[in-house]
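See below for the structure under consideration.
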Amino acid sequence: MQRSETNEVKMTLIQPTRGWIGINFPELWRYRELFFFLVWRDLKVRYKQSILGAGWAIIQPVLTVAIFTVFFGKWAGIPTDDIPQPIFYFSAILPWQLLQSGVSKAGASLVASRNMVTKVYFPRLVVPMAPIIAALLDFGIGFLVLLVIMLFYGIVPTTAMLFLPFFLLLTIITASGVGFWLAGLNVNYRDIGHIIPFLMQLWFFISPIVYSASIVPEEIGPVYRLNPMTAIIQGFRWAITGTGQPSGETLIASVAIALLLLVSGIYYFRRMERTFADVV
Amino acid sequence: MSDSQHIEDVVVSLNAVSVKYTVPIVRFGTFKEYIIRRLQGRVRNREFWALNNINLQIQKGEVFGIVGRNGAGKSTLLKVVSRVLRPSQGSVRVNGRVAPLLELGAAFHPELTGRENVFLNAALLGHSQKDVEEHFESIVDFSEIGDFIDAPLRTYSSGMVARLGFSVATSWDPEILILDEVLAVGDEAFQAKCHARIGEFQAMGATVLLVSHNAHTVRSICHRAAWIDHGELQAVGNPADIVEQYRKAYSE
């Protein structure tokens, strides 16, 4: 047995906290390995007992796109801005599934990790953050599938593709902000667990996934653009097809709302944190 | 001078620590119910002091036992010292690295193998992967898990899980070890090993804070003990006396 890390005496003062507290970055950094382990655990556990394993990351978006193409594209005849329907849907499904999976799992994460939270001290923010980062693997696999479909349709990436990481980051910020809010709320009100599916369903329809934002009536446009997913999905479509660049004001609204969600989510989470161990 | 010397010897210091739980009289598990009652002005909370004005100093190298009935506040006290809970009032000063053993294998996942769980749990306790690799052999040896280390945890018996958990948590010599009833795990031979390991820590100057219902454990391994009831400190002193007082109080 050896003494790990340092021999220096570390003094900790534990006392009541009041008001709003920000993030303790040095502490988060110290626990980075725990964070990666939680991400890895999420991935490992998810695919461990399924026969198709990571194949689900391909099947899910492909099936979804096939269903959308038949029902929304062919039957309902919803216009897709002259973009081939599978590409139109796929480029929206990618960020959407990242958001949906990230938000749903982050929202349930604290309650699911009750054992850890009530027994050991560690920065709690890593708990809702892990499933969001874990969802990036599915995103990556889905993106490779999309590249194959693009090849099939003869779509050559333009320089707009360089902006894809920006829209990806914006998706992660949005998912984290909402995820932190829901995770914190879920500890105190278990209804949140029931509300999340409805919230996601509503969010799905108010985002331009199965339709183009161009069909949204102009009078509700300003409100419609407050949904950060509007610019994100338009941005993904633009990055992939090179057409339909989101307007400057849509982008600004999206970035502002996403950051507002993130900052407020962190503060709410940190504020509720002190009660987690006895309510969870 | 002698004063500062004294302060350095105190590794855990609880100063007027109180922990308040707010328990709704009628428990509403749902938001709707809460809103309705709130609007009706019928949200009444019962304040419950799990710990009430506790003052306690624990010296370096001490094995300190805490006795009391279920719900007396023993576990709450350990949680405050290990930073899981924050006190509502007062403060706790902790001088050194704390290894909490509130429950063995808190992060264990049934689908992961023993090996994977060791790494995950060690990360939870704040150890780096490199650090765990260095200790891995000794962790597995101590736990007596053998070849099962690469089998999923769900195939383990509860004793095996507990042994692995104890092994992970105690493979780094902590400055302050916190034990909540965990000595009751495994068979007799393993318990003896646990006791021996605690003895080793102590020999290296570690401080041990433990909760036990076993009067024999408290009398045989503790230097001092405290009796807590209804969140209040009843007595502190010689373990044999404390156990005696505690027993008397409930035999009447």
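The values are calculated or read from the model by the stated rules, or taken from the named source; none is laboratory data. Just so it is clear, the structure is predicted and the values come from calculations on it, not from any experiment. Cβ coordinates were reconstructed from backbone atoms using ideal geometry, including for glycine residues, and neighbour counts include every protein chain displayed.
Apart from one condition, A:P157 fits all of (1) touching a Gly at 6+ places or on another chain (Cβ under 8 Å); (2) closer than 22 Å to A:I87 by Cβ; (3) assigned to a helix (DSSP H, G or I); the exception is (3). All conditions in (1) out of contact with any helix residue (DSSP H, G or I) (no Cβ under 6 Å at 6 or more places or on another chain); (2) more than 30 Å from A:T159 (Cβ to Cβ); (3) in contact (Cβ under 8 Å) with a residue 60 or more places away in the chain hold for A:F198, with the sole exception of (3). Every test in (1) more than 22 Å from B:A206 (Cα to Cα); (2) within 12 Å of chain A (Cβ to nearest Cβ) is passed by B:E144 save one, and that test is (2).
Return yes when B:E181 is within 13 Å of another protein chain (Cβ to nearest Cβ), surrounded by fewer than 22 Cβ atoms within 10 Å (Cβ to Cβ) and not polar (S, T, N, Q) and no when it is not. Spelling it out, B:E181 is indeed within 13 Å of another protein chain (Cβ to nearest Cβ), surrounded by fewer than 22 Cβ atoms within 10 Å (Cβ to Cβ) and not polar (S, T, N, Q). Condition check: surrounded by 24 or more Cβ atoms within 10 Å (Cβ to Cβ) and within 14 Å of chain B (Cβ to nearest Cβ). Does A:A130 satisfy that? Yes: the conditions hold for A:A130. Would you call A:A239 modelled with pLDDT under 95, aliphatic (A, V, I, L, M) and surrounded by 17 or more Cβ atoms within 10 Å (Cβ to Cβ)? When the stated conditions are applied, A:A239 does not pass them. Pairing each residue of region B:78-89 that is facing chain A (nearest Cβ under 7 Å) and basic (K, R) with any residue that is outside any helix (DSSP H, G or I) and surrounded by 24 or more Cβ atoms within 10 Å (Cβ to Cβ), provided the two are 6+ apart or on different chains, yields C-beta distances under 6 Å for B:K79/B:L85. Applying a threshold of 8 Å to beta carbon distances and a minimum spacing of six or more residues, or different chains, the list of pairs starting in region A:216-232 at a residue that is of a type in the set (S, T, Y) and ending at one that is part of a loop (DSSP other than H, G, I, E, B) reads A:Y224/A:I206; A:Y224/A:V216; A:T230/A:S207; A:T230/A:P208; A:T230/A:P246.
State whether one or more residues within region A:96-109 are at negative phi and free of Cβ contacts under 8 Å to residues at least 24 places away in the same chain.
Initially, region A:96-109 is screened for residues at negative phi, giving A:96-109.
Subset that is free of Cβ contacts under 8 Å to residues at least 24 places away in the same chain: none.
No, there is no match, as no residue in region A:96-109 is at negative phi and free of Cβ contacts under 8 Å to residues at least 24 places away in the same chain.
Using the structure shown, decide if B:E116 is facing chain A (nearest Cβ under 9 Å), under 23 Å from the mean Cα position of the chain (by Cα) and on the phi < 0 side of the Ramachandran plot.
Values: facing chain A (nearest Cβ under 9 Å): yes; under 23 Å from the mean Cα position of the chain (by Cα): no; on the phi < 0 side of the Ramachandran plot: yes.
So B:E116 fails the test.
Determine if region A:57-69 includes at least one residue that is at the interface with chain B (Cβ under 10 Å from one of its Cβ atoms) and closer than 27 Å to A:A92 by Cα. There is no residue in region A:57-69 that is at the interface with chain B (Cβ under 10 Å from one of its Cβ atoms) and closer than 27 Å to A:A92 by Cα.
If we scan region A:81-93, do we find a residue that is closer than 25 Å to A:I192 by Cα and either under 16 Å from the mean Cα position of the chain (by Cα) or part of a loop (DSSP other than H, G, I, E, B) (or both)?
Here is the first cut: in region A:81-93, the ones closer than 25 Å to A:I192 by Cα are A:93.
Narrowing further to those that are either under 16 Å from the mean Cα position of the chain (by Cα) or part of a loop (DSSP other than H, G, I, E, B) (or both): A:93.
There is at least one residue in region A:81-93 that is closer than 25 Å to A:I192 by Cα and either under 16 Å from the mean Cα position of the chain (by Cα) or part of a loop (DSSP other than H, G, I, E, B) (or both).
Those strands (runs of 3 or more DSSP E) of region B:45-111 in which 1 or more residues are crowded, with 22+ Cβ neighbours inside 10 Å and at pLDDT 90 or above occupy B:45-59, B:63-67, B:89-95.
Elements of the type helices (runs of 4 or more DSSP H) sitting completely within region A:177-268 and holding at least 3 residues that are more than 23 Å from A:I78 (Cα to Cα): these cover A:192-205.
Tell me, yes or no, whether region B:46-53 has at least one residue that is more than 22 Å from B:I198 (Cβ to Cβ), facing chain A (nearest Cβ under 10 Å), touching a residue at least 40 places away in the same chain (Cβ under 8 Å) and polar (S, T, N, Q).
So far as region B:46-53 goes, no, none of its residues is more than 22 Å from B:I198 (Cβ to Cβ), facing chain A (nearest Cβ under 10 Å), touching a residue at least 40 places away in the same chain (Cβ under 8 Å) and polar (S, T, N, Q).
Within region A:218-236, the set of residues being buried (at least 21 other Cβ atoms within 10 Å of the Cβ) and either within 13 Å of A:T80 (Cβ to Cβ) or not aromatic (F, W, Y) (or both) comprises A:R225, A:P228, A:M229, A:T230, A:A231, A:I232, A:I233, A:Q234, A:G235.
Results for (1) in contact with a helix residue (DSSP H, G or I) (Cβ under 8 Å, 6 or more places away or on another chain); (2) more than 30 Å from B:A122 (Cα to Cα), shown as yes or no for each residue.
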residue	(1), (2)
A:K105	yes, no
A:S113	yes, no
A:L136	yes, no
A:L146	yes, yes
A:S214	no, yes
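Mind counting the residues in region A:57-81 that are touching a residue at least 40 places away in the same chain (Cβ under 8 Å) and not polar (S, T, N, Q)?
The total comes to 9.
Applying the condition of being more than 7 Å from every other protein chain (Cβ to nearest Cβ) and acidic (D, E) to region B:121-141 and asking which residue is farthest from B:V161 (Cα to Cα) yields B:E134. Look at (1) within 13 Å of chain B (Cβ to nearest Cβ); (2) surrounded by 15 or more Cβ atoms within 10 Å (Cβ to Cβ); (3) modelled with pLDDT of 80 or more and you find that A:S4 fails only one, number (3). Taking every residue in region B:152-175 that is within 11 Å of chain A (Cβ to nearest Cβ) and without any contact (Cβ under 8 Å) to a residue 40 or more places away in the chain and pairing it with any residue that is part of a strand (DSSP E or B) and not charged (D, E, K, R), at least 6 positions away or on another chain, yields no pair with a Cβ-Cβ distance below 8 Å.
Right, A:I215: at pLDDT below 95, exposed (fewer than 13 other Cβ atoms within 10 Å of the Cβ) and out of contact with any Asp or Glu (no Cβ under 6 Å at 6 or more places or on another chain) or not? Against the criterion (at pLDDT below 95, exposed (fewer than 13 other Cβ atoms within 10 Å of the Cβ) and out of contact with any Asp or Glu (no Cβ under 6 Å at 6 or more places or on another chain)), A:I215 qualifies.
Within region A:248-263, the set of residues being more than 16 Å from the chain's Cα centre (by Cα) and either within 14 Å of chain B (Cβ to nearest Cβ) or touching a residue at least 24 places away in the same chain (Cβ under 8 Å) (or both) comprises A:E249, A:T250, A:A253. Confirm whether A:I196 is within 13 Å of chain B (Cβ to nearest Cβ), surrounded by 17 or more Cβ atoms within 10 Å (Cβ to Cβ) and farther than 26 Å from B:Y21 by Cβ. When the stated conditions are applied, A:I196 passes them. Taking region B:186-213, which residues are touching a residue at least 40 places away in the same chain (Cβ under 8 Å), under 17 Å from B:W172 (Cβ atoms) and among the small types (G, A, S)? Result: B:G205, B:A206.
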